[in-house]
Amino acid sequence: SIDGIKMESDTDNYHLHINAGKAEFLLLGLNPNGFPHIEAEGETERVEEIDTEMLYKIFSTNKFACSREPTRPALQGINVIFERNQISAFASDGKVLSCIECNIDRDKDDDYNVIYPTDLYTMFSPNIYLGAKVKDINYKNCVVIKGDSASITSKVVDGNYPNVKAVIPNTDDFKTFIVDSKVFDEKCKLSSVFSTESNKTLSIKFINHATEFLTTTEQNGTYKDSIENDIEIPEGGEVELRFTVNYLSNIIHGALNDSDKLNIMFKSGTVPIVFYDNSTAGTLKKIILMPLRPTKPAEEQKKG
């Protein structure tokens, strides 16, 4: 009881009863086991010093690709790997893979990885963190990010992240299509106008020195456009890539939103496509997206 205010907690269901004169309140609490347990400072597993602008870039690049499936908790987070001279971060929902590699000066020889929850991204305040150095203090079950005037404590995602590096294709024999990001974004927006809930597919076909864009639905009609490129495609060797237009928009506005040029590396319509950006010194962004399976011609579908 404090100055006429009586508070009584119910430890069974975590309710708090408050009585103040004629007023009575019942507040619903949360199970304290849901909060990270902070050990003593000397029990930390490791301390990593990270430039917050880099940490912010890692989250802003990868968060769009995180899974929203509760049955796959590891994929709901961003897997960050600390290596000798590099930080690599991955996020994937099983259909798209986003990764960013940043060069750093790290004086530790051991590799270490942690899965950060994406909620950490929403907690960043540029006024507090950007432009400063923070210490990323990893405990057994949580992480504490300390800035000059504030700190964030969060649970880390428990589980093992899959070996996503294994699905990144070797692009030595891929062709590279370089296009203005605004132009490509415009094509995606026009495509989305003609798409429907049941068909959000954008077809991108590479022919000799040209790239064709096509979306067609029975309800909304057809959108068709093309732009020139400098890629030599032999006659009969056209490459058609089919995507859900929402994924392309997320790549442009999410992972590569600060890139003027969009680099698309491709080989065929059945091999993962690589979107990449290395315009920032010491940083490489890659987004791996598997194209949709090509549709069968109408005649073949009738036979099937």
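Key figures for this structure:
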quantity	calculated
Subset of K224/K286; K175/K261; K155/K189; K165/K205; K63/K182; K57/K182 violating a 26 Å alpha-carbon distance limit	K224/K286; K155/K189; K165/K205
Within-13-Å neighbourhood charge of S195 [Cβ basis; K, R +1; D, E -1]	+2
Mean Cβ neighbour count within 10 Å, used as a protection proxy, ranking 12-24, 276-288 highest first	276-288, 12-24
Average accessible area per residue (Å²) across the stretch 167-209 - probe 1.4 Å, nucleic acids and ligands excluded	54
Fraction of accessible area attributable to carbon and sulfur, the stretch 68-110 (%, probe 1.4 Å)	42
Part-to-part distance (alpha-carbon centres) for the stretch 203-243 and the stretch 59-117, which is given in Å	33
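The values are calculated or read from the model by the stated rules, or taken from the named source; none is laboratory data. If you're wondering where the values come from, they're calculated on a predicted model, not measured in any experiment. No Cβ is skipped: glycine too gets one built from the backbone with ideal geometry, and neighbour counts run over all protein chains shown. Protein only, heavy atoms only, side chains kept; ligands, DNA and RNA dropped before computing areas. Shrake-Rupley method; radii C 1.70, N 1.55, O 1.52, S 1.80 Å.
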